[in-house]
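The values are calculated or read from the model by the stated rules, or taken from the named source; none is laboratory data. Because the structure is predicted, anything quoted here is derived from the model rather than measured. As a convention, Cβ positions derive from the backbone with ideal geometry for all residues, glycine included, and neighbour counts pool all protein chains shown. Areas reflect the complete protein model, heavy atoms only, side chains present, ligands, DNA and RNA absent. Shrake-Rupley method; radii C 1.70, N 1.55, O 1.52, S 1.80 Å.
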Amino acid sequence: MNILLWHVHGSWTTSFVQGKHRYLIPVNDARDAWGRGRARTFDWPATAEELPLEEIRDVDIAIVQRPEELELVPKGVPVIYLEHNTPKGDVPSSRHPMADRDDLVIAHVTDFNDLFWDTGATRTTVIEHGIVEPKARWTGELGHFAVVTNEPVRRQRVTGTDLFPRFASVAPVDVFGMGVEGLRGDRITPYDDPPQHEMHTQVARRRAYLHLCRWTSLGLSLIEAMQMGMPVIGLATTEAVVAVPPDAGVLDTRVATLVEAAHWLLEDDAAARSLGARARQVALARYGLDRFLADWDRLLEEETCASR
């Protein structure tokens, strides 16, 4: 199939474009939010082609991720609206912008999102994340904690940025991602937007992975850390409570408990190794790339057949 989709979520798209299709990615001279084209810090195959939107032809189906994209999809092309995010605003009564439509299906990335968004009569489905397995493997040789997040300065309480100093009092916290530079502080070190493979190598050297988002969909960086074999310390919020079982990490809503776990995993190498091994086993089984691509192929086929 020829699939039109905008480069909105680089990590998710990295997995999606590993499939058997041709992926048409709009690009413009500014490489802004409406024309980023191919990723520069992720490894995408040649079948992900960047083209100016006006040159994209013969589209079989479109993956839409923002309401404004709908008017840019060629007429008659079936649409799947991909929802990455938890609702914002009047939770749990948040109405989805695609609610009560009969011309598309909403694909959520977690059951939590499907539960909390009010989509009215619009058809929905859930296709859980799947990722390209990182090449790096956890060593935990550095007595530091790793966080991978985007825009933590701007997003603050959403990303749990205010909690970083609690863990920095235990050991240095190294923060990787986009828009992290302003975090530089006492035992908090930012690493701004490194290439994905380099980031994985560095994250895997840290003793444990911190997942401190209060309100988010399931971060792909959490799954990547688990597949690398890292023990997890995180808030027991949103989808994390089903992604990280008790024998793969420590989740709690009491931050003091998580700080205690941070001390424990720094001191107990065998415990850290055991939790990380279980985390890897769970993440490979649940969030494997083959299952993810098969689920998407099934939905793509259903929607294109239904439109004929």
Matching entry among V158, V250, V241, V203 (being closer than 25 Å to I131 by Cβ, free of Cβ contacts under 8 Å to residues at least 12 places away in the same chain and of a type in the set (A, V, I, L, M)): V241
Is one or more of the residues making up region 40-56 within 25 Å of P194 (Cβ to Cβ), of a type outside the set (D, E) and in a strand (DSSP E or B)? yes
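Among the listed residues R205, R166, R187, which satisfies the condition of being open to solvent by 10 Å² or more (accessible area, probe 1.4 Å), in contact with a helix residue (DSSP H, G or I) (Cβ under 8 Å, 6 or more places away or on another chain) and either of a type in the set (D, E) or over 29 Å from N113 (Cβ atoms) (or both)?
Selected residue: R187, the only one of R205, R166, R187 that is open to solvent by 10 Å² or more (accessible area, probe 1.4 Å), in contact with a helix residue (DSSP H, G or I) (Cβ under 8 Å, 6 or more places away or on another chain) and either of a type in the set (D, E) or over 29 Å from N113 (Cβ atoms) (or both).
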Does D114 fit the bill of being surrounded by fewer than 17 Cβ atoms within 10 Å (Cβ to Cβ), at pLDDT 95 or above and assigned to a loop (DSSP other than H, G, I, E, B)? no
Of the residues in region 117-160, those that are open to solvent by 50 Å² or more (accessible area, probe 1.4 Å) and at positive phi come to E151, Q156
Restrict the check to region 26-46 and report whether at least one residue is of a type in the set (V, I, T) and under 25 Å from S307 (Cα atoms). no
Sort out which residues of region 19-42 are touching a residue at least 60 places away in the same chain (Cβ under 8 Å) and either surrounded by fewer than 12 Cβ atoms within 10 Å (Cβ to Cβ) or touching a strand residue (DSSP E or B) at 6+ places or on another chain (Cβ under 9 Å) (or both), and write them in order of number. G19, K20, H21
Against the definition (touching a residue at least 60 places away in the same chain (Cβ under 8 Å), open to solvent by less than 70 Å² (accessible area, probe 1.4 Å) and hydrophobic (A, V, I, L, M, F, W, C)), how does L275 come out, yes or no? no
For the list (1) among the hydrophobic types (A, V, I, L, M, F, W, C); (2) open to solvent by 10 Å² or more (accessible area, probe 1.4 Å); (3) more than 17 Å from E128 (Cα to Cα); (4) in contact (Cβ under 8 Å) with a residue 60 or more places away in the chain, I need the number of the one condition that A262 fails. (2)
I'm trying to understand the selection: among the residues of region 205-230, which are assigned to a loop (DSSP other than H, G, I, E, B), hydroxyl-bearing (S, T, Y) and either touching a Cys at 6+ places or on another chain (Cβ under 6 Å) or within 20 Å of G288 (Cβ to Cβ) (or both)? S217
From E55, E50, E71, which residue is open to solvent by 60 Å² or more (accessible area, probe 1.4 Å), in contact with a Lys or Arg (Cβ under 8 Å, 6 or more places away or on another chain) and more than 28 Å from V158 (Cα to Cα)? E50
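Criterion first (in contact (Cβ under 8 Å) with a residue 24 or more places away in the chain and open to solvent by less than 10 Å² (accessible area, probe 1.4 Å)) does A62 satisfy it?
Yes, satisfied.
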Report, ordered by the first and then the second residue, all pairs with beta carbons closer than 7 Å, sequence separation of six or more or different chains, a first member in region 283-299 that is modelled with pLDDT of 95 or more, and a second member that is assigned to a helix (DSSP H, G or I). A283/I223; A283/M226; A283/Q227; L284/Q227; Y287/I223; L289/S15; F292/S15; W296/F16
Right, G229: at positive phi and open to solvent by less than 30 Å² (accessible area, probe 1.4 Å) or not? yes
